[in-house]
Every structure is written in structure tokens, then in C-alpha cells.
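Notes to accompany the following structure.
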Amino acid sequence: MINNLDLITESKRRNKKLLAMLIDPDKCSNDLALQQVLISACSQAIDLIFIGGSLITNGSFEKVIGKIRNATNKPLIIFPGNSMQVSSSADSILLLSLISGRNPEFLIGQQVLAAPNIKASGLEVIPTGYMLIDCGKPTAASYMSHSQPIPYDKHGIAACTALAGQQLGLKAIYIDGGSGAAKPVSNRTIEAVKKEIDIPLIVGGGIQNPEDLSKAFNAGADIVVIGTALEKDPNFLATLTNVNQTP
Ligand code: 1GP
């Protein structure tokens, strides 16, 4: 029985930081791009593979998951942009509730639509409070979810939102500037959220270099997610040797 939540929680307990690669199937439209993605996914630096996207236009969700599954046994976790992104070829799914927003469709509506498919898939469900932070520009996630991100410098709002998520019984909190954010979530926000919660903290959006990654880990992220930087430069991982993961 796959239990990636246990793996994540146990890593947090041991202060072993985890690096997650985000794969957007829409960006793997040609074989070369897919090949690059698979090479990165197999890199030793990557602990977890997240897959999903705000909008998938090329119908490649299943195909890309299948290719990743064939290439590696690393934990493969769906990070769904909507209720259609469910596949039994993955291990787990972050069942996201967009707790930073006030759009009921992404707080509970999409989850209701996905519930029967998730049950039938046999995926491990990881209930996750998802929080968008305004990191300098509108992102696909904020646009597609019709939700207003938490302002960049409102650490208190971010902290209380995460705490409420934990009190509601969610098992992880993901604070995200959105894919391709102009800058990462601030250290102060990560620290403020970390101080309030005991459950694992996932941080992503706008991580562009080893310094950004290091800062996010040091501020309290248990898992850092990188997508765009890896899409732009497959050699990015080679620069990370001294950054992650056990302090
Ligand atoms: C987006 O947190 C992820 O939801 C990753 O963001 O693509 O900016 O790395 P980037």
C-alpha cells in the first residue's frame, strides 16, 4: 500500500528536506521535451514528482504519466489543476482545497466532481490546503481559479489561513506563487506559516536558482517544488548539489 504522506511526514520529522519536480504535461508536447523531462525526473536530486497543470490542451496527461511511471519508481503525485486530472497510473493525489480564495468551486466544487473517479482510481489521497500568494504577476493558477491570491506581504493572513487549514484536518499546506511567478514566496511568509502549523509545508512558484531553493528550505519549507526553472534549463539540477536536502 503506497503511503507517500507517511514518507513526507517522516522526512519532515527527520528534517530531511525534499525536492519535488513539477511536470506540466502541456509542456511535454514533443518527444524531445518529454525526453528532457524524463532525464530530470530520474536525477538523484529529485525526491518527488508532481504532475498537473492549470490547463491541459494537448490530451497528454495519461501519456506523460505513463512515460514517467516507466522511467522511474519515484513517488508520482498528481497536483491537479481541476477535477479531470485523475489517473490510476500515479501513486497519490494532492486533494487541493484552495483555502486562500473564496471561490466555492475550488474550495469544494471540483472535489465533489472528482470524488468518484478518485475513489475508483485507488490513488492515495493527500488532503492539502492550497494557498496562492501574489508574487508579482497574475499566474495561470490565479486566473483559472477565479481567486484572489493573498497579498505578498500579508504574512499574518497567510499564517492564519494555513492554521485554519490544519484545524480543518488537512494533512499538508502548499503555499504557491503560481507557476512562473516573478519572485518566490517571501521568507517571512514561509516562516510565519511554518510557525503556526505542524503538518508538512510545501512551497513553490518562482524558484529560479539554488539560492532561492536554499532560502525556502531555511525559512521552513519541508518540500520545495520547481517547475519552470527545470523546463527552461535541464542543467539546473546540476547546480543544486550543495543545496538540498539534509541540513
Ligand atoms: C507551480 O509551485 C509550482 O504551481 C512551481 O512553480 O513553475 O514557478 O517553478 P514554478
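Every number in this text was worked out from the coordinates using simple rules, so none of it is lab data. Keep in mind that this is a model prediction, so the values were computed, not measured. When we count neighbours, we look across all protein chains shown, and the Cβ atoms used for this are built from the backbone with ideal geometry, even at glycine.
Data overview
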| quantity | calculated |
| --- | --- |
| Intensity falloff of the stretch 4-234 expressed as log10 I(q)/I(0), Debye formula with alpha-carbon point scatterers, at q = 0.10, 0.13, 0.17, 0.18 Å⁻¹ | -0.39, -0.70, -1.30, -1.49 |
| Rounded, prolate or oblate (a/c below 1.5 giving rounded, otherwise prolate when a/b exceeds b/c) for the stretch 145-247 by Cα gyration tensor | prolate |
| Pairwise Lys count, the stretch 94-247 - Cα closer than 20 Å, eight or more residues apart or different chains | 15 |
| Within the chain, longest stretch clear of exposed trypsin sites (Lys or Arg not before Pro) (DSSP loop, no more than 11 other Cβ within 10 Å) | 103-247 |
| Ellipsoid equivalent to the stretch 101-208 - semi-axes via the Cα gyration tensor, in Å | 23, 17, 13 |
| Length released on extending from SER88 to GLN35, taking residue separation times 0.36 nm less the Cα-Cα span | 16.9 nm |
| Difference of contour (0.36 nm per residue) and Cα-Cα distance, ALA238 to MET144 | 30.5 nm |
| Linear extension gain, ASN15 paired with ARG102, 0.36 nm per residue minus alpha-carbon span | 28.0 nm |
| Cα-only Debye scattering, the stretch 53-135: base-10 log of I(q)/I(0) at q = 0.15 Å⁻¹ | -0.56 |
| Mean separation of Cα contacts under 8 Å, 6 or more apart, over the residue count of the chain: relative contact order % | 20 percent |
| Estimated FRET transfer efficiency when R0 is 35 angstrom, pair ILE2-LEU163 (beta carbons, to 0.05) | 0.75 |
